[in-house]
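Reviewing the structure listed below.
The values are calculated or read from the model by the stated rules, or taken from the named source; none is laboratory data. Predicted model only: the values in this text are computed from it and were never measured. Reconstructed Cβ throughout: ideal geometry from the backbone, glycine too, with neighbour counts over all protein chains shown. Heads up: the accessible areas ignore ligands, DNA and RNA and are worked out on the full protein's heavy atoms, side chains in. Shrake-Rupley method; radii C 1.70, N 1.55, O 1.52, S 1.80 Å.
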Amino acid sequence: MPTISQLLSDSIRDVPDFPKPGILFKDISPILSDPALLRHSINELTATSGGRKIDKVVGIDARGFIFAAPVALNLEAGFVPVRKQGKLPWETHSMAYSLEYGENVVEIHKDAILPGESVLLIDDLLATGGTAAAAIKLIKELDANLVAASFLIELTDLNGRDLLGDTPVNAIIQY
């Protein structure tokens, strides 16, 4: 019988040359459209808290929101979005970063996390690590206790983990 990770992995669709030539995009749409697989993915990400008390779950714009909000509910924690520049309506901290096909800036509300709160960072994919590293820096600027960074998928050949410093990293599926 296949493991949950194998069932999820088997459902991910490879899309070559998206969003530009040379990139193999891992499409999670088949997981999102299947309620059982979506539930399994959220339960697996919830389990990465290791049973620790989590005050806030941070999700990275935009697919990270899909997973982070229900994980926050499972953990009885608040949900905090890290968004692309100019999308949050209140005072923010900003962080620039590079990714495999360009550059971007992400932001978090200055009052989203209180000093000392325990935080779990969630995103759909860890590739080169630029986005997650920027989000981690934002979380640390708010003096939070970052428990872990958890991803549905990790592309291990891109060594994104290396940019995340001493943050514990969890990946449900690795390619």
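Scanning the range 125-148 for residues that are open to solvent by 10 Å² or more (accessible area, probe 1.4 Å) and either out of contact with any strand residue (DSSP E or B) (no Cβ under 8 Å at 6 or more places or on another chain) or among the acidic types (Asp, Glu) (or both) turns up Glu141, Asp143. In the range 70-90, the residues that are closer than 12 Å to Ala135 by Cα reach residues that are among the hydrophobic types (A, V, I, L, M, F, W, C) and assigned to a helix (DSSP H, G or I) with C-beta atoms within less than 7 angstrom, at least six apart or across chains, in these pairs: Pro81/Phe65; Val82/Ala135; Val82/Leu138. As a summary of the residue check, Val82 satisfies the conditions (1) in contact with a Ser or Thr (Cβ under 8 Å, 6 or more places away or on another chain); (2) modelled with pLDDT of 95 or more except for the one numbered (1).
Scan the range 113-133 and give yes if some residue there is hydrophobic (A, V, I, L, M, F, W, C), free of Cβ contacts under 8 Å to residues at least 12 places away in the same chain and part of a helix (DSSP H, G or I), otherwise no.
no
Screening the range 149-171 for residues that are of a type in the set (S, T, N, Q) and open to solvent by 20 Å² or more (accessible area, probe 1.4 Å) and picking the one that is nearest to Phe65 (Cα to Cα) gives Asn170.
Where strands (runs of 3 or more DSSP E) fall entirely within the range 1-98, those with at least 3 residues that are open to solvent by less than 50 Å² (accessible area, probe 1.4 Å) are at 24-27, 56-60, 78-84.
Applying a threshold of 9 Å to beta carbon distances and a minimum spacing of six or more residues, or different chains, the list of pairs starting in the range 37-61 at a residue that is at pLDDT below 95 and ending at one that is buried (at least 19 other Cβ atoms within 10 Å of the Cβ) is empty.
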